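One structure is given below, encoded as structure tokens.
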Amino acid sequence: MKLTKSKSFLYPGNSNINFIRLFVIVMLIFFMNIVEVSAQLKIYVNTDLEGISGVFNFTQTREKGSPENLLACEYFMDDLAAVIRGLRDGGATEVVVLDGHGNQAVIPHLMVHGATYVTGKPRPGAGNLTGLDSSFSAMVMVGFHAMMGTPDGVLNHTQSSRSENRYWYNGIESGELVQNAVIAGYYGIPFIMVTGDVATCREATHFFGDNCVTVATKKGLSREAAELYPFEETRKALYEGAKRAVSVISDCKPYELQFPVKAKKQYLVQDKDSPEPKLVTKEKIIPDALHILDL
């Protein structure tokens, strides 16, 4: 029986040519996989209620289930829908929404396509930022408010509006925007967009720079008074801002503090023996970003 020399399974001919062709095919597959991975843009949308279009008093945000609160949550869902659509049209491949307001704001039957929604309590994760990890490309803050004590900040507060908490990190007073940004920065995630009143947008630019997209939904006059903008205008601006925000991811850097950090917190405590609340001050060394709120 005569044996014949087998030919390459790729191409007949010179083995060196076959090797080169095989190498090219492998490299093409490799680079195609890199492109596919890099094209995945996961956006984490952290939300609050005070900075939403049409919201300007604490009845809307504190009294869960009241007519004013139910309307405010509808306003919230419409603002959020505009942002989700903008992010997806801007190129985001996955959007995760965190229902971040204290007594929650997501209305399930008004959820729009294009995102998943994390809601309910208790939730795991530093700062209750459930599911946040380094797989996300960026974070967006929707409906936020300025830090406690901001004169023109609508519903301004930091963590608690009732005890009027104030926080300093290495001597710099900071609000919830910075607190969330520090946790996001731990995972290498930059802020690309912040929405809220004019004061909130100003605070965002101060800490995160001009590359972070800001969209003002109203202008504060005092803590519970605002110059409101028509919903049609704010939702259009939110959509366009979100769409643009995806394009600035590479221009925005994670916000990071050098740990350990010297932290200070001031807050009011109502003493039953005194008609006036007592101002309490606490100080602590914070070891890392994931414990930024442990004070």
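Every number in this text was worked out from the coordinates using simple rules, so none of it is lab data. All values derive from a computational prediction rather than experimental measurement. For neighbour counting, all protein chains shown are included, and Cβ atoms are generated from backbone atoms with ideal geometry for every residue, glycine included.
Numerical summary
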| item | result |
| --- | --- |
| Percentage of interatomic Cα-Cα distances in segment 127-193 larger than 15 Å | 56 |
| Dipole magnitude of segment 33-137 about its Cα centre (Cβ charges: Lys, Arg +1; Asp, Glu -1), debye to nearest 20 | 220 |
| Eligible lysines near residue 121 by straight Cα distance, threshold 18 Å, same-chain separation 8 or greater | 64 |
| Segment 252-295: relative contact order as a whole-number percent, Cα under 8 Å and 6+ apart | 41 |
| Given charges at beta-carbon only (K, R positive; D, E negative), |dipole| of the chain in Debye | 1460 |
| Alpha-carbon radius of gyration plus Dmax, which is the widest Cα pair, for the chain in Å | 24.7, 110 |
| Selection of GluC sites (Glu not before Pro), segment 221-263, meeting DSSP coil and at most 15 other Cβ within 10 Å | 224, 256 |
| Principal-axis tilt of helix 15-38 within the chain, Cα atoms, nearest 10 degrees | 10 |
| Length-normalised contact order for the chain - Cα pairs under 8 Å, 6+ apart - percent | 19 |
| The chain: angle of helix 67-90 to the longest principal axis, Cα-based, in degrees nearest 10 | 30 |
| The chain: calculated mean residue ellipticity at 222 nm from DSSP helix runs of at least 4, using -39500 (n - 2.57) | -10000 deg cm²/dmol |
| Modelled FRET efficiency - R0 30 Å, residue 135 with residue 207, Cβ distances, 0.05 increments | 0.80 |
| Nearest 10 degrees, 0 to 90: helix 198-208 Cα axis against the chain principal axis | 50 |
| Aspartates and glutamates whose Cα lies under 19 Å from that of residue 272, excluding same-chain neighbours fewer than 8 positions away | 164 |
| Equivalent ellipsoid semi-axes, segment 60-122, via Cα gyration tensor eigenvalues times 5, rooted, Å | 23, 13, 8 |
| Against the rule of thumb 2.2 N^0.38 Å, how large the Cα Rg of segment 171-264 comes out | 1.18 |
| Base-10 log of normalised Debye intensity for segment 169-216 (one unit scatterer per alpha-carbon) at q = 0.17, 0.26, 0.28 Å⁻¹ | -0.47, -1.02, -1.13 |
| Top positive-direction residue, dipole computed over the chain with Cβ charges, set 69, 249, 154 | 249 |
| Cross-link reach list, lysines versus residue 253, counting only Cα pairs under 18 Å and skipping chain neighbours closer than eight places | 42 |
| Gyration tensor verdict on segment 97-226 (Cα atoms; rounded if a/c is under 1.5, prolate if a/b is larger than b/c, oblate otherwise) | rounded |
